[in-house]
Amino acid sequence: MASVDSIAVRDPAEPCHRAGPGFMALLRVELLLALRRRADIANPLLFFVTVLALLPLGVGPEPELLARMAPGMIWVMALLATLLSQESLFRSDFEDGSLEQLTLSPQPLYFAVLAKVTVHWLVTGLPLALLSPLLAMMLNLPAAGYPSLLLSLLLGTACLSLIGAVGAALTVSLRRAGLLLALIVMPLYVPVLIFGTGAVQAALDGYAYSVQLAVLAALLAAAAALAPLAAAGAIRISLDS
Amino acid sequence: MAWQWFHRLGSPRWFYQKTSGWLPWLAAASVLLLLVGTVWGLGFAPQDAKQGNSYRIIYIHVPAAFLALAGYYIMAFSGAIGLIWKMKLSYAVMRAAAPIGAVLTFIALFTGSLWGKPTWGTYWVWDARITSMLILLFLYVGVIALSRAFAREQVADKACALLALVGTVNIPIIYKSVDWWFTLHQPATIKLTESSSIDPSMFYPLLVMIIGFYCFYAWTLLVHTRNLILQREWRTQWAQQVLRGEPLGDAG
């Protein structure tokens, strides 16, 4: 696979131990691969939009009711869309053996995982967040909630991608991992969901929502430090099987 | 010398032999304590001024809830020992602790909801503690589901240990965030604050029950771990001897 080739473009006598160039190279390759599979990018977004379009059909079109449910529903659906797209995070690399190559490379596996998660967020979390004001408008959310929804989703989906990567790495060697991945990762998503919807609710009630955003940013910092480590450990365990 | 016991723990056989003597004591202690605590708590402790007799369910509910959380840490801790020192025994303890902890969490939730009906008039409230307990149950279920998914036990052990550790890091965050969420959405009609001071006449039977539950937990954990060890080591000579009912020589 291309990701391995591009890391290998260096003098073989002088292995590159620095994390920076390896991280950037992997980031570029992963992004290129993701952009070539447009359907894979579109699917989570389409899921997000479709399920949210089902909501008024289920609960009725009353604007007040929809406005009340909108922050929670948008957040839960963003969570599900992230989760569903995460199953394939390491899958193809595991199947063609390039994941094993990555663990053998002189770069720390931490940065390889971080690069893959970053790309995952760029092609799922970021578009989901950018799309959210449109859906918020369709669900009649008051305009006061838009900035908080956008910002909380930007920070929150990055957290979700990082946490989900641990689950994806743990289940990568299993053939049908989809539901199991959801089962093991969902409880870990709880704090992100609470503070994400909390930010929107605070904004709707007319309060400052910087506290919730700060907590989300703190969760993101902690997840960025710890989740790739755990995921790297999980990859090594999965490769054992 | 001081660490010899620790290295010996790496041997499943040594553990199996050592603990067989503990089992009757633990069994006797837990049966006795649970019996005394139950009779004392249900029959002799005074009625609650506000809740009448329905409060008596705390004699099951509180010890189960205590051990549900402690059980997760026991599971994660033994998983961590397994990952760090590659100890077969601690993986067996971890795997044995998962279903026991899940059942205790379920008992805590179930008794809590039974208690809720006469006290708050409803079986289920999205209260902070109840919600955290439910998420704890999901965490347990996740570990159990993951352990069942792998074909090879060694991989399942390590994967579960890692997941339990990730859960351990998250539990305080989850509990705090659920608390915060609840204070934000707290419904005004229901007041969940228990009286923080409990009368000694009600507390002593509770204490007996808590100690009894700890003994019972240790007993079941030990029995389950020993069974898992036999299951995993059945090919070895000593396990065959045990399975045939022959006495074991000194493991040294």
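The values are calculated or read from the model by the stated rules, or taken from the named source; none is laboratory data. These numbers come from a predicted model, not from an experiment. No Cβ is skipped: glycine too gets one built from the backbone with ideal geometry, and neighbour counts run over all protein chains shown.
Screening the candidates B:PRO118, B:PRO172 for the property of being surrounded by fewer than 18 Cβ atoms within 10 Å (Cβ to Cβ) and touching a strand residue (DSSP E or B) at 6+ places or on another chain (Cβ under 9 Å) yields one hit, B:PRO118. What do you reckon, is B:ALA102 buried (at least 20 other Cβ atoms within 10 Å of the Cβ), touching a Leu at 6+ places or on another chain (Cβ under 7 Å) and free of Cβ contacts under 8 Å to residues at least 60 places away in the same chain? Taking the combined requirement at face value, the residue satisfies it. Residues in segment A:191-206 that are under 17 Å from B:ILE135 (Cα atoms) and surrounded by fewer than 21 Cβ atoms within 10 Å (Cβ to Cβ): A:LEU193 alone. For first residues located in segment A:63-89 and touching a residue at least 60 places away in the same chain (Cβ under 8 Å), partners that are of a type in the set (D, E, K, R) and lie 6+ apart or on another chain with Cβ distances below 7 Å form the pairs A:LEU89/A:LYS116. Evaluating A:LEU131 against the criteria (1) among the hydrophobic types (A, V, I, L, M, F, W, C); (2) facing chain B (nearest Cβ under 9 Å); (3) surrounded by fewer than 24 Cβ atoms within 10 Å (Cβ to Cβ); (4) in a helix (DSSP H, G or I) leaves one unmet condition, (2). Residue check: A:ALA214 meets all listed conditions (1) within 11 Å of chain B (Cβ to nearest Cβ); (2) within 15 Å of B:SER177 (Cα to Cα); (3) without any contact (Cβ under 8 Å) to a residue 24 or more places away in the chain but one, namely (1). With respect to B:THR168, determine if the residue is in contact with a helix residue (DSSP H, G or I) (Cβ under 6 Å, 6 or more places away or on another chain) and at pLDDT 85 or above. Here the answer is yes, as B:THR168 does meet what is asked. If the condition is being aliphatic (A, V, I, L, M), more than 9 Å from every other protein chain (Cβ to nearest Cβ) and more than 11 Å from B:TYR72 (Cβ to Cβ), then segment B:162-178 contributes no residue at all. Taking segment B:34-58 as the range and being surrounded by 16 or more Cβ atoms within 10 Å (Cβ to Cβ) and either modelled with pLDDT of 90 or more or in contact with a Lys or Arg (Cβ under 9 Å, 6 or more places away or on another chain) (or both) as the test, the residues that pass are B:LEU34, B:GLY37, B:THR38, B:TRP40, B:GLY41, B:ALA45, B:ASP48, B:SER54. If you go through segment A:178-190 and keep only what is over 15 Å from the mean Cα position of the chain (by Cα) and at the interface with chain B (Cβ under 8 Å from one of its Cβ atoms), you end up with A:LEU180, A:LEU183, A:ILE184, A:PRO187.
A:LEU99 is checked against (1) crowded, with 21+ Cβ neighbours inside 10 Å; (2) modelled with pLDDT of 95 or more and fails just one. What number does that condition carry? Going through (1) crowded, with 21+ Cβ neighbours inside 10 Å; (2) modelled with pLDDT of 95 or more one by one, A:LEU99 breaks only (2). Of everything listed in (1) farther than 20 Å from A:VAL172 by Cβ; (2) small (Gly, Ala, Ser); (3) in contact (Cβ under 8 Å) with a residue 40 or more places away in the chain, the single unmet condition for A:SER98 is (1). Regarding segment A:138-158, can at least one residue be identified that is part of a helix (DSSP H, G or I) and within 12 Å of another protein chain (Cβ to nearest Cβ)? No: zero hits. Which residues, taken from segment A:50-67, are in a helix (DSSP H, G or I) and either surrounded by fewer than 17 Cβ atoms within 10 Å (Cβ to Cβ) or in contact with a Pro (Cβ under 7 Å, 6 or more places away or on another chain) (or both)? Correct list: A:THR50, A:VAL51, A:ALA53, A:LEU54, A:LEU57, A:GLY58, A:VAL59, A:PRO63, A:GLU64, A:LEU65, A:LEU66, A:ALA67.
Considering segment A:160-176, the residues that are facing chain B (nearest Cβ under 8 Å) and not in a helix (DSSP H, G or I) include one that is farthest from A:ALA227 (Cα to Cα), namely A:LEU174. Among residues that are surrounded by 21 or more Cβ atoms within 10 Å (Cβ to Cβ), among the aromatic types (Phe, Trp, Tyr) and under 30 Å from B:ALA98 (Cα atoms), A:TYR110 is not included.
Evaluate the following for A:GLY196: is it within 14 Å of chain B (Cβ to nearest Cβ) and under 16 Å from the mean Cα position of the chain (by Cα)? Taking the combined requirement at face value, the residue satisfies it. When you scan segment B:78-91, do you find a residue that is hydroxyl-bearing (Ser, Thr, Tyr) and farther than 19 Å from B:ARG148 by Cα, even just one? For segment B:78-91, residues hydroxyl-bearing (Ser, Thr, Tyr) and farther than 19 Å from B:ARG148 by Cα: absent.
The set of residues from segment B:143-153 being at the interface with chain A (Cβ under 7 Å from one of its Cβ atoms) and surrounded by fewer than 23 Cβ atoms within 10 Å (Cβ to Cβ) comprises B:ALA145, B:ALA149, B:PHE150, B:ARG152.
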